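A quick write-up on the structure given underneath.
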């Protein structure tokens, strides 16, 4: 049931060593295709980092930040292709975030651990160049994927009343 998948998904920071197989990655990115997208621009772009791109991003990150990139055996860069129209771009960034969430939920449902983060390096010119991100794409972060080593506890959540209101 989707309720259980949403409520039990966790951010993992400890992964096993086996990379996620291409077939499984393809299934996850197939789910992303179904994210809501107001103007059907399908702006999300996913780049699975191979050994060379991984080394380039670690070099761009520097010695203090590079170890954090090594947490998971599979790293995926998520970006949104932008048009230059401010309203469309805002909607496309939101649609890409929904696509990322679909990947996270799909990973969890398949027993994979995931961690969506936006390290400083991917917001730098050096990081963008290391990963071949063209101008006109906004980086939304890296998705760390792999087998889970542990099950993080459920974080405290505010009650629905703290963010829900009914307007007259």
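Numbers for the structure displayed
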read-out	value
Contact order normalised by residue count of the chain, Cα under 8 Å, 6+ apart, percent	36 percent
Gaussian network model of the chain, Cα within-10 Å springs - most flexible of 32, 126, 81	126
The chain - Debye-derived log10 I(q)/I(0), Cα point model, q = 0.11 Å⁻¹	-0.49
Percent of beta bridges antiparallel (DSSP, the chain, rounded to nearest 5)	95 percent
Per-pair calculated FRET efficiency, R0 = 22 Å: residue 7 and residue 161 via Cβ, rounded to 0.05	0.75
Highest-fluctuation residue, 96, 11, 124 considered, GNM on the chain with Cα pairs under 10 Å	124
Ranking of 8, 162, 79 by count of other Cβ atoms within 10 Å, fewest first	162, 8, 79
Among 134-142, 41-49, 153-161, the order from most to least packed when residues are scored by Cβ within 10 Å on average	41-49, 134-142, 153-161
Neighbour-count ranking [beta-carbon atoms within 10 angstrom, fewest first] of 101, 163	163, 101
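None of the figures in this text is laboratory data; all of them are computed from the coordinates on show. Source: prediction; values computed, not measured. A quick note on method: Cβ atoms are made from the backbone with ideal geometry, for glycine too, and the neighbour counts reach across all protein chains shown.
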